[in-house]
Amino acid sequence: MVDISRRTFNRVIAGAAATGVAKSLSAEGSSRHVVVVGGGFGGASVAKYLRIQDPSIAVTLIEPKKVFHTCPFSSHVVAGLAEMDSIAHGYEIIRRAHDISVVHNTVISVDPGHRIVTLKGGDRILYDRLVMSPGIGFRWNDVEGYTEAASEVMPHAWNAGPQTELLRRQLRSMEDGGLVIVSPPPGLYRCGPAPYERISLIADYLRREKPRSKILVLDPKERFAQQEKFRRGWDLLYSDMVELLPLSEDGKVVRVDAGTMELETEFGELHHGAVVNFIPAQRAGDIAMQTGLADASGWCPIDPITFESTLIANIHVLGDSALASPMPRSAYTANSQAKVVAQAVAALLRDQTPPPSPSFDSLCYSLVGPDYGIKIAGTYSVMNGVFAPGEAPPKTEGPNARAKDATSAKSWYREITEEIFG
């Protein structure tokens, strides 16, 4: 642990006691303490698997929200196929089952030199190693007019919770015949196929409830993940309800006006929506940026064996914020990375060498309709110091495969959330 006087150590403990951190620091007399920032799929998983790897390591998980709403299946809520409580998960089971101190607070700063995390309110927590899984942040104002305030009128709904409910309410209150505009994000972002699953499920809602309405997709990219499969599904299920304008057809939005619900494209075309789902460009989570873990790309470079930051020692970054391409930024990938990180951190705390050849799995399901699924699976390893994809699994096509994938999506969600949150 960091060389710090006993008086200073006791002051940190006393300040943290109100949040329950003191128990974590002194659990079973442990002299090794790992703090995990972020309680999503990556953070909650690494906290659990650290305790499984080595129960003598004290683990503190810091997450502002007492209830975590998952991004997977949040578009089902938007489209009226599920309720918010179906994607809500708490931390009590993971706390009790694995003796993890869960602190519901916000990290406002990290002092890497002294290995101290400071919470809102002033409490401070010492760590031997810090694991960050803070999700994504947004590049506000990359598009003129799209501010955080504008997102309360034109919701992104890319962090599940109040924004999910807002977009759902807007769709419900829209008159039949209204135009829904969806603008997917450019560059690297969380879950490549997710904007197009959302478009699909909104189309399903409109077909059922407001059949005279249409969706206009203004996409700043020329291509997107699983494009052919989504386009075939749209043609089959939604006929002429969905219109897609890619980059080459003036799909790049350069200005938004939340007051008039207008979007202006690169060549000066104006589009007015009754509902606008604008998903902005993304970057690493705020605390990762503030700590200095991101490079010029806005994402966090890492060692591929241990996920330790290449910019700041003793801090590991996984999940959406990490630069781990070509692995997708997805829930399953974050969970897979967490198991590798837990093993690596436990080894490093024992002054041992982490396993040299980690492997990772990716599995993602997208729904084009309630009974029409798309499966994306992959494996990844580390070769010559970089992440490399494994051999692609065989593709499955046809009505039976699509129906099976739609059913499997529900099983996948239930299994991964039960694994992590109990």
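Taken together, the values in this text are just the output of simple stated rules run on the coordinates, not laboratory data. Given the structure is predicted, the values throughout are model-derived calculations rather than measurements. When we count neighbours, we look across all protein chains shown, and the Cβ atoms used for this are built from the backbone with ideal geometry, even at glycine.
Label separation (I108 vs E249): 5.0 nm, computed from points 7 Å beyond Cα along the C-beta direction.
Using the Kirkwood formula on the Cα atoms of segment 188-231, what hydrodynamic radius do you get, in angstrom to one decimal? Don't jump to the answer; show the numbers that get you there.
Values: mean 1/r = 0.0864 Å⁻¹.
Computed over segment 188-231, the radius equals 11.6 Å.
Each pair of Cα atoms in segment 372-422 enters the Kirkwood radius, and Stokes-Einstein at 4 °C and 1.567 mPa s then converts it into a translational diffusion coefficient of 99 µm²/s. With Cα atoms defining each centre, segment 81-99 and segment 201-221 are spaced 31 Å apart in the structure.
Annotation: extensible slack from R208 through A403 equals 68.3 nm (criterion: 0.36 nm per residue apart, minus Cα-Cα distance). Here the average projected area of the convex hull drawn through the C-alpha atoms of segment 147-280 stands at 7.5 nm². Principal-axis analysis of the Cα atoms of the chain puts helix 6-16 at an angle of about 40° to the longest axis.
The angle between the Cα long axis of helix 194-209 and the main principal axis of the chain comes to about 50°, on a 0 to 90 degree scale. Here K375 is the anchor, and the lysines within straight C-alpha reach of less than 23 Å, apart from those fewer than 8 places off in the same chain, are K221, K229, K339, K395, K404, K410. What is the set of long-range amide H partners of I302 at a cut-off below 5 Å, with H atoms built 1.01 Å from backbone N? Result for I302 returns T310, L323. Could you work out how far helix 162-173 tilts from the main Cα principal axis of the chain, as a 0 to 90 degree angle to the nearest 10? Computed tilt is about 20 degrees.
Just the number, please: percent antiparallel of the DSSP beta bridges in the chain, rounded to the nearest 5. Restricted to the chain, the bridges split so that about 55 percent are antiparallel.
Remark on the chain: hydrodynamic radius 22.4 angstrom, per the Kirkwood mean of 1/r across alpha carbon pairs.
Calculated from DSSP H runs of 4 or more alone, at -39500 (n - 2.57) each and per residue, what is the 222 nm mean residue ellipticity of the chain, nearest 500?
Numbers: 11 runs with 130 residues, N = 422.
When only DSSP H runs of four or more count, the value is -9500 deg cm²/dmol.
On the principal axes of its alpha-carbon atoms, segment 136-202 has extents of 33, 26, 22 Å, going from largest to smallest.
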